[in-house]
4 protein chains.
Amino acid sequence: MTLIKDITFTQADIAKLEAEYANKRPQEILAFALKQFDNITISFSGAEDVVLIDMAAKIKRNIQIFSIDTGRLHPETYQFIDKVRKQYRVKIDVIFPDAAEVEGLVKEKGLFSFYKDGHKECCGIRKVKPLRRKLATVDAWITGQRKDQNPATRATVPVIQIDSAFSSGDRNLIKFNPLANWTSAQVWQYIHANEVPYNELHNQGFISIGCQPCTRAVLPNQHERLGRWWWENAADKECGFHEINLISNNN
Amino acid sequence: MTLIKDITFTQADIAKLEAEYANKRPQEILAFALKQFDNITISFSGAEDVVLIDMAAKIKRNIQIFSIDTGRLHPETYQFIDKVRKQYRVKIDVIFPDAAEVEGLVKEKGLFSFYKDGHKECCGIRKVKPLRRKLATVDAWITGQRKDQNPATRATVPVIQIDSAFSSGDRNLIKFNPLANWTSAQVWQYIHANEVPYNELHNQGFISIGCQPCTRAVLPNQHERLGRWWWENAADKECGFHEINLISNNN
Amino acid sequence: MTLIKDITFTQADIAKLEAEYANKRPQEILAFALKQFDNITISFSGAEDVVLIDMAAKIKRNIQIFSIDTGRLHPETYQFIDKVRKQYRVKIDVIFPDAAEVEGLVKEKGLFSFYKDGHKECCGIRKVKPLRRKLATVDAWITGQRKDQNPATRATVPVIQIDSAFSSGDRNLIKFNPLANWTSAQVWQYIHANEVPYNELHNQGFISIGCQPCTRAVLPNQHERLGRWWWENAADKECGFHEINLISNNN
Amino acid sequence: MTLIKDITFTQADIAKLEAEYANKRPQEILAFALKQFDNITISFSGAEDVVLIDMAAKIKRNIQIFSIDTGRLHPETYQFIDKVRKQYRVKIDVIFPDAAEVEGLVKEKGLFSFYKDGHKECCGIRKVKPLRRKLATVDAWITGQRKDQNPATRATVPVIQIDSAFSSGDRNLIKFNPLANWTSAQVWQYIHANEVPYNELHNQGFISIGCQPCTRAVLPNQHERLGRWWWENAADKECGFHEINLISNNN
């Protein structure tokens, strides 16, 4: 399927593309995304979605990458982000929350309000607003989310979709999830086979990695999502990055 | 099947029992073992084989338990052994290596000879000889080994066997492996469902746990055996506890 | 000496006050400061300057406190700040850096530029600018700096001074250093005697505490300043908070 | 003062030597000890008494060194002992406790009896008996104890003494304490100036180092002895190594 650049995708276009790419390899989906969009960025969380960077770097030079620094990441995650920057010789847009918003929340509720009031308020300020600001500057983005990460919220993640949660005005933001159909095991096979660097926290029992106070190591055989916001229900365990998953009829 | 106490089992008896018990639940195998033998002991490594203790404590009072303290266990493992002792109100025979043997090895080769010369020499002194000394005092023992722990060496572990590696003279030592057919996931389901205490190291990425210098956390999706003697081949990754596994026609 | 509120202190006034208070106890200096100024705030770094909060809370209700969250503090420091907030039932103004400035530096130089380019640039963005913004809203501030913390830069710290580095326009910002003449040992005696909470990092060999990547534990008998910006000279080991120390004739 | 080898020192000889050497440098005391006795050994705890090994290695080849491995040292201490062995190319007699004694105590009281019953019983089995066995094979030993380590028990430690606690029968065991008059600060100056390797635990807030469950990091300005057996009185904080300190008229 050949698509002409700068065309705004309709729901019908996306449906057709999803049908075409759903069973393709992550690298093919990624190659299509990077070819189709000039102004497209990879979302890097500091965890095993580093495979997207490794794959992209083998497809094209000068890829755009961003990461949200909530101000509360693990020291190991900051080190890992910088390691990736150096190893792949890429600039990474590290997006930071708004001072006034953080200050307002913290003064009122302290630095650990999420344990009591739920993580949505804090994630909203430290993650989602900075993300929205970043996504307003691009036409498409690429994420590492996978169906197996959260059966309650990600079971139907498509490989390509209109991200209506972050689209604005007249423009549809396109979202690619090239790893949607991969399992955690496949991601790690790729990491080992390609000697991709990984976050040191993975050596300490961490699987999924988010902010320091809201992430923990999991026990053997525990689902990775139990390492995130463990005081909340599985269905609430989304920070807002992938709000589109929570909107019905989302493809 | 009713067996009379104090009869020495023959290979034929064991074959019959194995056929009878191979598909039974661990608790049934354990109940049989504890009923059949008065002088029987549970081998506790300080890891998830704690489920054997939990199961046994629900079957019978005054169970015998032993653990080999090689002198090089993790601080967390010593704490865990003591936690189990207190919680289940049991005495644990903590077996210690012979001073002269440890001193001889360490003077000659230092405290980390295993990284260079392989773990067998050190395991021999710190684990296997103390084990042999302990096993010489009982008629049967119960271990937590499972087929899924090491495909290279444990794939055919039976639930009951004559332990010819540790039998002596005229007497056959019987070995029970009630968890042989359970998966790691089943063991952990049991731990969670029964609120069984577990070693803190399991919160730090450790699955299999042995001596401190020879055990490490594993990465997500890595097989637990990669956390043991990682500088050696899978087929060598047995400390000698289960030497019977390495003897052909072992059932 | 009785001073009338809302009078702007001159250099001469300050000299007279310094002479009067130089040898007084920290609590007396603090009591004077809190009585003299309504709009005065305590600077809390998340380290042992917590004693100022303990002392102030015994003098007066509703003290103002602020802390600079550079976005790179230790997890233990965030926990400690919140512990202090709860235990003393105070609101703490946690001041955050400007997103655009942080993003600009990090995109250009990565997250660890200070190891190569020195800490001033990063401190400027993450600490000094937020501090300047905060100090513009008060008439006076109270810090925990002591002469013994850095012989190269703090040997002559007075207990009261005009902070010309952060004064602006027509107004003199007054700075109180009630602990200037105390030793580290005295601070810790106070902490133990008054059961003041302290940062967990102090249990891990940390004495002075700043940002995570720029602070480390020190060896026995090492001066605490060796735990800060260890790749730089002692005379450069100021983040800019106490720039007045570096200005000659600083009263 | 010239002494003839193989002469048994009397109390009068020792008193004379103590007068002569009390104010000499550790290296001079050590040189005398090593010259005077052929069968003399340095006691190495795995902590900062490593300076004795560094000093001795500069005086003489083939020095004897021993260390008591209680079976409960920190992983970092085992690593450090081996590092010293390799760096100084020395064999170290690592003395191990008697299996039956350890097993007896642990079966009866568990692995942490010292928190309840005091450390003497466990130290007796894991440290003092192995020490006694080792000391029975030498004519003299050299220790790193210092007056400043424990004002309650070590304030009068001489540089040379008859160790009547470990002498036997017709023979006087001589004990040298070359660092008796040095401060902790002097020891660490020596370590830095001579690039002597040190235990990693010193980077984590540990000053004095013993067994893992009975040692902890200390807070800033805390006396190092507070890091040992913290649930007991200062006057009891000796493991029995230096029992002679507790005997009155100990020369």
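Would you list C:D170, D:D93, B:D69 from fewest to most Cβ contacts within 10 Å?
Working: C:D170 6, D:D93 17, B:D69 27.
Ordered from fewest to most neighbouring Cβ atoms within 10 Å, C:D170, D:D93, B:D69 come out as C:D170, D:D93, B:D69.
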- For the protein assembly as shown, calculated [θ]222 nm from helices alone, where every DSSP H run of n ≥ 4 adds -39500 (n - 2.57): -9000 deg cm²/dmol
- Message: Whole angstrom only: what separates the Cα centroid of region A:156-171 from the Cα centroid of region A:11-36?
- Response: 14 Å
- Message: Using the basic label-point model (7 angstrom from Cα toward the beta carbon), what is the D:Q204 to D:A152 distance in nanometres?
- Response: 2.6 nm
- Query: Cα centroids of region A:83-144 and region C:172-219: how far apart, whole angstrom?
  - Reply: 31 Å
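Round to the nearest 0.05 the FRET efficiency obtained for B:N233 and C:R89 when R0 = 56 Å and r is the Cβ-Cβ distance. Working shown, then result.
Details: r = 61 Å, r/R0 = 1.09.
Efficiency for this residue pair is about 0.35.
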- Message: Rounding to the nearest 10 and keeping the result within 0 to 90°, find how far the Cα-based axis of helix B:99-109 lies from the longest principal axis of chain B.
- Response: 40 degrees
- Message: Show me, for region A:48-63, the HN-Hα J-couplings you get by feeding each phi into the Karplus relation (A = 6.51, B = -1.76, C = 1.60, θ = phi - 60°), rounded to Hz, glycine and proline as x.
- Response: 6, 5, 4, 4, 4, 5, 4, 5, 5, 5, 8, 9, 7, 8, 6, 6
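Can you give me the Kirkwood hydrodynamic radius for region B:112-235, using every pair of distinct Cα atoms, in Å to one decimal? Before the final figure, lay out each step's value.
Numbers: mean 1/r = 0.0613 Å⁻¹.
Result for region B:112-235, one decimal place: 16.3 Å.
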- Note on the structure: Rounded to the nearest 10, the angle in degrees between the Cα long axis of helix C:184-193 and the longest principal axis of the Cα atoms of chain C comes to 80 degrees
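Note down the relative contact order for region D:1-139 as a percent, whole number, built from C-alpha pairs under 8 angstrom at least six residues apart. Please list the in-between numbers first.
Working: 115 pairs, mean separation 30.1, N = 139.
In percent, rounded to a whole number, it is 22.
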- Item | For B:Q64, residues with placed amide H under 5 Å, excluding near neighbours | B:I42
- Would you mind checking which residues have amide H under 5 Å from B:V94's amide H? H placed 1.01 Å from N; only 5 or more apart, or other chain. B:S67, D:K107
- Task: Label the protein assembly as shown by shape, choosing from rounded, prolate and oblate, from the square roots a ≥ b ≥ c of the eigenvalues of the Cα gyration tensor; if a/c is under 1.5 it is rounded, and otherwise prolate applies when a/b is larger than b/c, oblate when it is not.
- Result: oblate
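Can you pull out the chymotrypsin sites (Phe, Trp or Tyr not before Pro) in region A:146-251 whose DSSP state is coil and whose Cβ has at most 16 other Cβ atoms within 10 Å? Mind showing how you got there, number by number?
Numbers: sites: A:F166, A:F176, A:W182, A:W188, A:Y190, A:Y198, A:F206, A:W229, A:W230, A:W231, A:F241; in loops: A:F166, A:W182, A:Y198, A:F206, A:W229, A:W230, A:W231, A:F241.
Of the chymotrypsin sites (Phe, Trp or Tyr not before Pro), the ones in loops of region A:146-251 whose Cβ has at most 16 other Cβ atoms within 10 Å are A:W230, A:W231.
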- Note down the magnitude of the dipole of region C:11-250 about its Cα centre, charges +1 on Lys and Arg C-beta and -1 on Asp and Glu C-beta and zero elsewhere, to the nearest 20 debye. 300 debye
- Message: For a quick check: sort A:I95, A:I59, D:I40 by the number of other beta carbons within 10 angstrom, fewest at the front.
- Response: A:I59, D:I40, A:I95
- So in the protein assembly as shown, what percent of DSSP beta bridges are antiparallel if you round to the nearest 5? 30 percent
- For B:T137, placing the label point 7 angstrom along Cα-to-beta-carbon and taking region B:86-112, residues whose amide nitrogen sits under 14 Å are B:91-98
- Note on the structure: Computed over region D:11-250, the relative contact order (Cα-Cα under 8 Å, seq sep at least six) in percent reads 24 percent
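All other residues with a Cβ under 11 Å from the Cβ of C:T77 taken together, and with Lys, Arg as +1 and Asp, Glu as -1, what is their net charge? Could the numbers behind the result be given before it?
Values: positive: C:R72, C:K83; negative: C:D69, C:E76, C:D82, C:E200.
Around C:T77, the surrounding residues sum to -2.
Among DSSP bridges having both ends in region A:109-251, what percentage is antiparallel? Round to the nearest 5. Don't skip to the answer; put the middle values down first.
Working: 5 of 8 bridges.
Around 60 percent antiparallel, to the nearest 5.
Could you compute the longest span of chain D free of trypsin sites (Lys or Arg not before Pro) located in DSSP loops and having at most 13 other Cβ atoms within 10 Å, not counting the site residues? Please list the in-between numbers first.
Details: sites that count: D:K5, D:K60, D:R61, D:R89.
Free of exposed loop sites, the longest segment is D:90-251.
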- Query: What ³J(HN,Hα) values, in whole Hz, does the Karplus curve 6.51 cos²θ - 1.76 cosθ + 1.60 give for region C:14-31 when θ = phi - 60°, with x put for Gly and Pro?
  - Reply: 5, 4, 5, 5, 4, 4, 6, 9, 3, 9, 7, 6, x, 4, 5, 4, 5, 4
- Query: For region A:167-226, what's the relative contact order in percent, using C-alpha pairs closer than 8 Å and at least 6 residues apart?
  - Reply: 17 percent
- Rounded, prolate or oblate (a/c below 1.5 giving rounded, otherwise prolate when a/b exceeds b/c) for region D:11-250 by Cα gyration tensor: rounded
- Compare the Cα positions of C:Y190, C:N172, C:N203 along the charge dipole of region C:141-238 (+1 at Cβ of Lys, Arg; -1 at Cβ of Asp, Glu; about the Cα centre) and return the one farthest towards the positive end. C:N172
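Readers should treat all values here as calculations from the given coordinates under stated rules, not as data from a laboratory. In this text, all values refer to a predicted model and were calculated from it rather than measured experimentally. Counting neighbours? That spans all protein chains shown, and the Cβs are built from the backbone with ideal geometry, glycine included.
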